[in-house]
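Quick note: the coordinates plus some simple rules give every number you see, no bench work behind them. No experiment lies behind these values; they were computed from the predicted model shown. Please note: Cβ atoms are built from the backbone with ideal geometry, for glycine as well, and neighbour counts cover all protein chains shown.
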Amino acid sequence: MKSIAIAADMYGCPNRCRHCWLSHMPNRKMEDGADQWIVDSFKPFFEQIEFYSWLREPDYCDDYRARWERDKQLSVNTTPQRFELGSFWRLVRDPEYVRFLKELGVRCVQLTFFGLRETTDRYIGRKGAFDELLRATELLIENEISPRWQAFINRENKDEIVELLRLSVSLKLKERVEAFGSSFRFFVHAGSCEGENRKLYPIRINKGEIPAVLIPYYLNYVENYAEKELCEKLRHDSLPMVPHNDQNPVIYVANDYDLFFNFTHMRKEWRIGNLKEDPIEELVRRIRTEDIPALKIARSITVAELVSRYGNPESNRLFEEQDYKIFLLNSHLEKLSESERSLQNRAKGRESGQ
Ligand code: SF4
């Protein structure tokens, strides 16, 4: 393992999306020099380091131009990628920003909706977010960058997602984007069921409830199953569900220097260790050998056992198979954490004589 990608949460995020798979974390600017120190910590162990100063909102810091140069300069024997991402928050506040994206050759920026105005604002956690997304769409098109509309669907907002599709048609987004030789994409999905989206399990969309007009736009529709179908399919699966890096690892650095793999949400159970507190040799060993408590637990239980303990054979909620397995594994890890906490509380109660 000679290469690693490191994404550090150096500035945070203006949004608090209710589907955020990473989980909500406080915004805290990391101290000056943190970027160099993080890269220097990993340098003796990896020949190639791709460094990103963001893992939530890209370009959230005011000096995003200098920041991008610095990320490139800090990366070792490689260059960080741009992906099809940008900050809609910044797009509508800083006229220079779209020009910056254009200069970098960004051809498409993904924008995320949850329905119409009130619902999107509520799910993004900011009043005005929906109007900003529409304004960002216009700015991108004016600059011949294709907006890609992603919509998260659940039982509460499914009819509004139909309205959103109609809005994209009435705004003639497809035709306007095709006019500069690109293509407009609208797609719908329920997302994985981890991080904040895990809390939306009670209103997760059921199989058979997706409005017919949205089915052609549903991501990997044929690979989505009702929870009860997955319970049936997986109830004899004698293998464990162990997330694993086939290729070079991507490591997330939280703003308190906790490290995580990019397998699932950034919750305590998944912590690799802390870059300030644990020896770097030990952290690199854990990364290389995937030796962390969550993965040890994952190796010790089969999918069949997870299904029998945490699956709901009556449920029609829609999942892709991999997402469902990680949902079950996180249910198990959560349960173990709860048991551990209640044991600790009982021990504390005994010590204080309660
Ligand atoms: S989903 Fe992205 S934009 Fe939304 S809160 Fe999470 S990191 Fe921020």
*Over the stretch 1-158, what is the relative contact order in whole percent, taking alpha-carbon pairs under 8 Å and six or more residues apart?*
23 percent
*Give the calculated FRET efficiency between Glu282 and Glu163 to the nearest 0.05, with a Förster radius of 51 Å applied to their Cβ-Cβ distance.*
0.45
*For the stretch 338-343, in order, what is each residue's ³J(HN,Hα) by Karplus, 6.51 cos²θ - 1.76 cosθ + 1.60 with θ = phi - 60°, in whole Hz (x at glycine and Pro)?*
4, 4, 4, 4, 6, 5
*How many times 2.2 N^0.38 Å is the alpha carbon radius of gyration of the stretch 113-219?*
1.09
*Using θ = phi - 60° and the Karplus curve 6.51 cos²θ - 1.76 cosθ + 1.60, what whole-Hz ³J(HN,Hα) does each residue of the stretch 5-17 get, with Gly and Pro shown as x?*
10, 10, 10, 10, 7, 6, 10, x, 8, x, 9, 9, 5
_Counting only chymotrypsin sites (Phe, Trp or Tyr not before Pro) that sit in a DSSP loop (anything but H, G, I, E, B) with at most 13 other Cβ atoms within 10 Å, what is the longest stretch of the chain containing none of them?_
181-354
*Between Ala151 and residues 5 or more places away or on another chain, which pairs have amide H atoms under 5 Å apart, with H built 1.01 Å from N, and which residues are they?*
Phe113, Phe187, Val188, His189
_Which residue fluctuates most in the GNM of the chain (Cα springs below 10 Å): Ala294, Ala226, Ala179?_
Ala179
_Using each residue's phi in the stretch 71-82, evaluate 6.51 cos²θ - 1.76 cosθ + 1.60 at θ = phi - 60° and report the 3J(HN,Hα) Karplus result to the nearest Hz, with x for Gly and Pro._
4, 5, 5, 6, 5, 10, 6, 6, 10, x, 9, 9
*Report, by chain and number, residues whose modeled amide H sits under 5 Å from the one on Gly273, excluding near sequence neighbours (fewer than 5 apart, same chain).*
Leu259
*Radius of gyration and maximum dimension Dmax of the stretch 25-115, Cα, Å*: 14.4, 48
*Candidates His265, His244, His189: whichever shows maximal mean-square fluctuation once the chain is modelled as a Gaussian network with Cα springs under 10 Å*: His244
*Considering the chain as a Gaussian network with a 10 Å cut-off on Cα pairs, which listed residue, Val253, Val188, Val213, attains the greatest mean-square fluctuation?*
Val213
*So which GluC sites (Glu not before Pro) in the stretch 181-259 pass both tests, a DSSP loop state and at most 16 other Cβ atoms within 10 Å of the Cβ?*
Glu209
*asked:* Can you classify the stretch 192-322 as rounded, prolate or oblate using the Cα gyration tensor, where a ≥ b ≥ c are the square roots of its eigenvalues, rounded means a/c under 1.5, and otherwise it's prolate if a/b beats b/c and oblate if not?
replied: prolate
*What is the chain's relative contact order, in percent, from Cα pairs under 8 angstrom and six or more apart in sequence?*
19 percent
*asked:* Could you work out [θ]222 nm for the chain from helices alone, using -39500 (n - 2.57) per DSSP H run of at least four and dividing by all its residues? Round to the nearest 500 deg cm²/dmol.
replied: -11500 deg cm²/dmol
*What is the percent of Cα-Cα separations in the stretch 3-351 that go past 37 Å?*
24 percent
*Compute the length gained on full extension between Arg107 and Leu219: take 0.36 nm times their separation in residues and subtract their Cα-Cα distance, giving the result in nm to one decimal.*
38.2 nm
